[in-house]
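K.L.:
Starting off with a structure, shown below.
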Amino acid sequence: MHLYLIRHGQSYVNLKDWQGGNQDTGLTELGHRQAAALGVWMPTEIKNIDVIYASTMQRARETSAYVAAAYGVDVIADDRLREIGNNRADHTAWPSDDLPEYSDYWGSERPFASVTPDREGGESLMHFRTRVGSFIEDMVERHRDEVVVAVCHGGVIELVFDHIFNVGPFRRCEVWCKNTGITRFEYVEHPRREAWRLHYHSRADHLQGIESAFEVAKIGRDLDTGSQPPTAD
């Protein structure tokens with residue numbers, strides 16, 4: 001099995017000046033450009049895919065639509081791919097219009113405590129790892145000889161690393177992934193070797209020039225509307 005994990009495009013909750021808390025927001029204008037570039041580039045590198053899964057959160061669904069259009073493959077929504085804290089301890093999803101707020105501690109600091117302590121029934125890091133691991137093992141059983149794409153979140157990708165490389169509960173892999181970055185794993189059964197192989201992480205060839213071109217265009221729009229362009233500190 002070839003497994004491609006894709007982080008969603010830039011969403012409003014990713015913005016440095018975002019003050020809206022934990023919300024199920026969609027993609028920004030830049031996020032849509034990133035996802036569109038992804039949809040154009042992927043078929044040049046990955047000729048065929050068999051199935052696309054996506055988190056049920058809006059930013060992942062919007063990103064997956066570009067990939068689905070590029071390949072003519074329908075998207076399968078899966079709550080197990082939602083970002084940490086957005087599911088209950090029983091792995092069911094919180095309502096998109098009523099998401100809980102996060103704790104002030106990292107999940108790896110208190111791996112068995114809820115990461116959303118103000119909401120009864122919230123998941124811990126271990127609950128999160130269990131649901132992500134469940135998805136990975138399910139993919140192995142269902143799609144052993146196929147090419148799988150999963151559009152998800154940065155936290156999900158980190159927990160896939162934890163699951164595959166068997167990282168303990170009080171540690172976690174901090175593996176930063178760019179928006180629409182691609183991580184490729186391969187599952188190969190071998191009697192004397194580990195089954196999982198990592199080919200690359202956060203590959204983003206399709207983003208070359210996207211961010212800089214977007215910033216230039218944004219400055220131009222600001223000048224047209226009388227706004228001041230950013231200045232160097």
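A short reminder: the numbers here are calculations on the coordinates, not readings from a lab. These figures come from a predicted structure and were not determined experimentally. Backbone-built Cβ (ideal geometry, glycine too); neighbour counts: all protein chains shown.
K.L.:
Which is the longest part of the chain that has none of the trypsin sites (Lys or Arg not before Pro) sitting in a DSSP loop with at most 13 other Cβ atoms within 10 Å?
P.N.:
Formally, the longest exposed-site-free interval is 48-143.
K.L.:
What fraction, in whole percent, of alpha-carbon pairs in the range 44-165 exceed 23 Å separation?
P.N.:
So the pairs more than 23 Å apart make up 32 percent of the total in the range 44-165.
K.L.:
Taking amide H positions as placed in the peptide plane 1.01 Å from N, state which residues far from Arg82 in sequence (5 or more) or on other chains have amide H under 5 Å from it.
P.N.:
Thr56
K.L.:
Out of the DSSP beta bridges found with both residues in the range 2-224, what percent are antiparallel (nearest 5)?
P.N.:
50 percent
K.L.:
Just how large is the dipole of the range 1-146 about the Cα centre, in debye to the nearest 20, putting +1 at every Lys and Arg Cβ and -1 at every Asp and Glu Cβ?
P.N.:
For the range 1-146, the charge dipole is close to 340 debye.
K.L.:
Let me ask something else. Applying 1/(1 + (r/R0)^6) with R0 = 22 Å to the Cβ-Cβ distance of Met126 and Glu146, what FRET efficiency is obtained, to the nearest 0.05?
P.N.:
The calculated FRET efficiency here is 0.15.
K.L.:
Got a sec? Charge dipole of the chain, +1 on Cβ for Lys and Arg, -1 for Asp and Glu; which of Gly168, Ile210, Gly107 is way out at the positive end?
P.N.:
Going by the Cα projections, it comes out as Gly168.
K.L.:
First measure r as the distance between the Cβ atoms of Val40 and Arg171, then evaluate 1/(1 + (r/R0)^6) with R0 = 25 Å and state the FRET efficiency to the nearest 0.05.
P.N.:
Calculated transfer efficiency: 0.10.
K.L.:
By how many nm would the segment from Lys47 to His91 lengthen if fully extended, with 0.36 nm per residue of separation less the alpha-carbon distance?
P.N.:
Here the segment from Lys47 to His91 would lengthen by 12.5 nm.
K.L.:
Ranked by Cβ crowding within 10 angstrom, fewest neighbours first, how are Tyr187, Tyr53, Tyr200 ordered?
P.N.:
Exposure proxy ranking, most exposed first: Tyr200, Tyr187, Tyr53.
K.L.:
Find how many whole Å separate the alpha carbon centroid of the range 141-194 from the alpha carbon centroid of the range 64-92.
P.N.:
The range 64-92 and the range 141-194 have Cα centres spaced 15 Å from each other.
K.L.:
P(r) for the chain, please, calculated from all Cα pair distances in 5 Å bins and given in %.
P.N.:
1, 6, 13, 18, 18, 16, 12, 8, 5, 2, 1, 0, 0, 0
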